[in-house]
Amino acid sequence: MIPVEISKNVYDVGVMDWNIRDFHGYSTHAGTTYNAFLVLDEKIALIDTVKAPFCDQLLDNISKIIDPKKIDMVISNHTEMDHSGSLPRVMHRIGEDKPLYCSKMGAKNLALHYPQKWNFHPVKSGQEVSLGAKTFTFLETRMVHWPDSMFTYLKEDKILFSSDGFGQHYAGFEKFDDLVSEDVMYQAKKYFANILMLYAPRILKLIEQVQSLGLEIEMICPDHGIIWRKNPGKIIDAYVKWSQPTTEKKAIVIYDTMWNSTKMMAEAIADGISSQGVAVVPIHIRSSHRSDIMTEVLDAKAIVVGSPTLNNQMFPTVADFLTYMKGLKPTDKIGGMFGSYGWSGESVKMVQAELEAMKFDVIDPGIKIQYIPNKDGLSASYDYGQKIGQAVTG
Ligand code: FEO
């Protein structure tokens with residue numbers, strides 16, 4: 001990638017990862033980028049690095065602007081290896097004694113990743129570092145989404161370098177919000193749903209904190225995907241919306257099936273939900289990636305989960321999805337459960353227990369049908385869907 005000057009003497013020197021399709025278990029259909037930023041002034045700073053296999057590209061990009069040895073300091077906003085993986089080679093190239101600014105937790109976590117004795121400068125919220133005419137202000141963003149995470153604000157240019165915050169797994173030469181289609185909002189939503197959903201209360205507080213500090217933000221530069229320059233308020237507003245209980249009249253019916261009986265129930269339940277004016281889609285777990293399903297969970301009011309019973313258990317793929325969803329802590333949801341069974345039929349109660357553990361407002365009783373749903377079974381499934389639809393609209 002040719003470095004892009006995003007503001008006077010501020011460059012994106014990051015790299016594209018066009019081919020990644022699995023980012024530690026998250027499906028990345030659109031690839032991703034690892035953004036890193038070079039800020040030139042009397043002193044020169046590099047903000048973040050890139051995943052280790054892309055280090056040569058990063059150094060090439062920097063070399064197109066300056067000799068990397070001229071970098072005076074590195075800022076590490078976040079320890080996760082997609083951003084710190086190139087630090088060992090970068091620090092070796094620029095000089096191991098150069099200051100490395102990070103949060104206090106960053107210094108601790110970087111030391112747990114890399115054996116080098118770097119010249120750590122742990123910073124706190126509000127602390128400033130001057131490059132000459134340009135000034136950085138740091139803002140700790142603990143648990144958004146790692147204990148070490150922080151933002152770096154470039155005061156004079158009004159740029160917020162937001163690490164993973166406001167990012168999207170999206171690779172493209174069009175690096176700005178005004179150059180891409182609305183599809184990028186889907187990627188931003190997916191990122192939020194799969195990486196940040198569980199930190200929603202902290203995100204709301206963080207946004208309040210940024211607003212109370214009166215930071216003017218003309219550009220948001222995340223470490224993944226496009227840069228928000230035309231309308232940074234759009235992604236901030238979206239984060240505020242996604243961090244709060246959904247108001248959408250939307251439900252999803254997530255299921256797996258062995259001989260199509262649970263599928264038949266899922267579709268009848270979806271019909272019943274739809275009859276109440278609620279947008280609904282049945283999603284077959286084995287046909288969809290869990291990270292795509294979570295994207296739908298984010299703004300769905302009702303989550304209805306169906307599982308056959310297999311060997312006295314819920315179906316393994318359903319257990320997988322429930323485990324994933326539980327970790328991401330969706331809140332204020334209505335829950336429903338259903339499934340077909342042969343002779344023992346434990347799955348529906350097991351799913352219910354999981355939904356209750358997630359504090360969903362469960363529509364009890366769920367519905368279970370032996371072997372194949374007949375006309376009455378499908379009618380009962382439809383009625384259950386109607387009840388769920390009424391709970392959503394009520
Ligand atoms: Fe993009 Fe949490 O690393």
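The values are calculated or read from the model by the stated rules, or taken from the named source; none is laboratory data. Nothing here was measured: the structure is a model prediction, and the numbers come from that model. Cβ: placed from backbone, ideal geometry, glycine included. Neighbour counts: every protein chain shown. With ligands, DNA and RNA removed, areas are computed over all heavy atoms of the protein, side chains included. Shrake-Rupley method; radii C 1.70, N 1.55, O 1.52, S 1.80 Å.
Annotations
- Compared with the dominant Cα axis of the chain, that is its longest principal axis, helix 200-212 is turned about 40°.
- DSSP-defined antiparallel bridges as percent of all bridges, the range 251-393, nearest 5: 10 percent
- Under 14 Å from the H24 label point (7 Å along Cα→beta-carbon), backbone N, the range 91-122: 109-110, 113
- Among the chymotrypsin sites (Phe, Trp or Tyr not before Pro) in the range 13-68, those located in a DSSP loop and surrounded by at most 16 other Cβ atoms within 10 Å of their own Cβ are W18.
- Calculated log₁₀ intensity ratio I(q)/I(0) where the Debye formula runs over C-alpha points of the chain, q = 0.11 Å⁻¹: -0.80
- Above-threshold pairs, the threshold being 18 Å between Cα atoms, out of K134/K155; K301/K387; K8/K51; K43/K108: K8/K51; K43/K108
- Seen against the Cα atoms of the chain and their longest principal axis, helix 232-242 is set at about 30 degrees.
- Ordered from longest to shortest, the equivalent ellipsoid semi-axes for the range 251-393 are 20, 18, 13 Å, each the square root of 5 times a Cα gyration tensor eigenvalue.
- Spatially, the range 100-147 and the range 330-394 are offset by 48 Å when compared through their Cα centroids.
- For the pair Y114 and K349, the difference between a 0.36 nm per residue extended length and the Cα-Cα distance amounts to 79.9 nm.
- Only DSSP H runs of four or more residues enter the estimate; each adds -39500 (n - 2.57), and after division by the residues of the chain the mean residue ellipticity at 222 nm equals -10000 deg cm²/dmol.
- H113, H92, ranked by accessible area, largest first (probe 1.4 Å): H92, H113
- DSSP beta bridge pairing in the chain, given as percent antiparallel to the nearest 5: 45 percent
- Among the chymotrypsin sites (Phe, Trp or Tyr not before Pro) in the range 295-394, those placed in a DSSP loop whose Cβ has at most 11 other Cβ atoms within 10 Å are W343.
- Relative to the longest principal axis of the Cα atoms of the chain, helix 104-113 runs at roughly 80 degrees.
- Rounded FRET efficiency, nearest 0.05, which uses the C-beta distance separating D364 from Y324 and R0 of 22 Å: 0.40
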